[in-house]
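Here's the structure, in structure tokens; my notes come after.
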Amino acid sequence: MKLYMHAGACSLSPHIVCRELDLPVELVEVDRRTHRTPGGADYLAVNGNGYVPALALDDGTVLIEGPAIVQYLADLRPAAGLAPPSGTLDRTRLHSWLNFITSELHKPLAMLMDPAMQPARAPLVAKVSKRLDWVVAQLTGPYLMGERFTVADPYLFVCLNWSPYNKLELERWPALIEFMRRIGDRPAVRAATAAEGLAKPDPAGVFFASTRA
């Protein structure tokens, strides 16, 4: 399999899942400006939307959209328990978390890093803050699904990892700081961030930033 990615972008979520499941995957970094791979291939021919992630399977099938990709990966190794079995109520709850993160957090958090969106920054921060208040209120254990680590957890981790760049102060939510530390300390997360050239830049060891020039 090939995972088309940018270092530290939302593609880090399926990358972490591959590491958690010990699935062999080739990382193909896509240039944000040119949409070219290191070999010069046109990424738009892989995903016409131009954004990552995309997962190319060995038979040539291409999957796009992170929440769909991570569920596909989890189902390759169901015994690992990163996604509840299809058709169960818990699987529906996982769908709910993934949909919530992608629509209510991923999108506005990414928009906060867009210079063109700065005039709308205050309403975006207010919206995200309200949603994070809700997330904290739902936490009943160390992970979003309680005691079980699932593919929803690295997705939230990656989105919140952008906080230093979009200037969102997570200190308001100590439970989220602890969540970031807990997920960031997982061996698969450490391996994935290291492979993408990321390191923990702050003394608390919560956020991961690029070490590339």
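The values are calculated or read from the model by the stated rules, or taken from the named source; none is laboratory data. What you are looking at is a predicted structure, and each value in this text was computed from that prediction instead of being measured. All Cβ positions, glycine included, derive from the backbone under ideal geometry; neighbour counts span all protein chains shown. Surface accessibility is based on the protein's heavy atoms, side chains included, excluding ligands, DNA and RNA. Shrake-Rupley method; radii C 1.70, N 1.55, O 1.52, S 1.80 Å.
Observations on the structure shown:
- With a Cα cut-off of under 20 Å and a minimum spacing of 8 residues unless on different chains, the lysine pairs in the chain number 6.
- Note on the stretch 95-200: with neighbouring protein chains present and a 1.4 Å probe, carbon and sulfur make up 58 percent of its accessible heavy-atom surface.
- Per residue solvent-accessible surface (Å²) - the chain, probe of 1.4 Å: 47 Å²
- Sequence-separation-based contact order of the chain, relative, with Cα cut under 8 Å and 6+ spacing, percent: 21 percent
- Size of electric dipole in the stretch 1-101: Cβ of Lys, Arg +1 and of Asp, Glu -1, about Cα centre, debye, nearest 20: 260 debye
- Evaluated with a Cβ-only charge set (Lys, Arg +1; Asp, Glu -1), the chain carries a dipole of roughly 500 debye about its Cα centre, given to the nearest 20.
- Across the accessible surface of the stretch 7-66, with the other protein chains kept in place and a 1.4 Å probe, carbon and sulfur atoms take up 47 percent.
- Range of Cα positions in the stretch 34-119 per principal axis (Å), largest first: 41, 41, 17
- Where Rh is the Kirkwood radius over Cα pairs, Rg/Rh for the chain: 0.94
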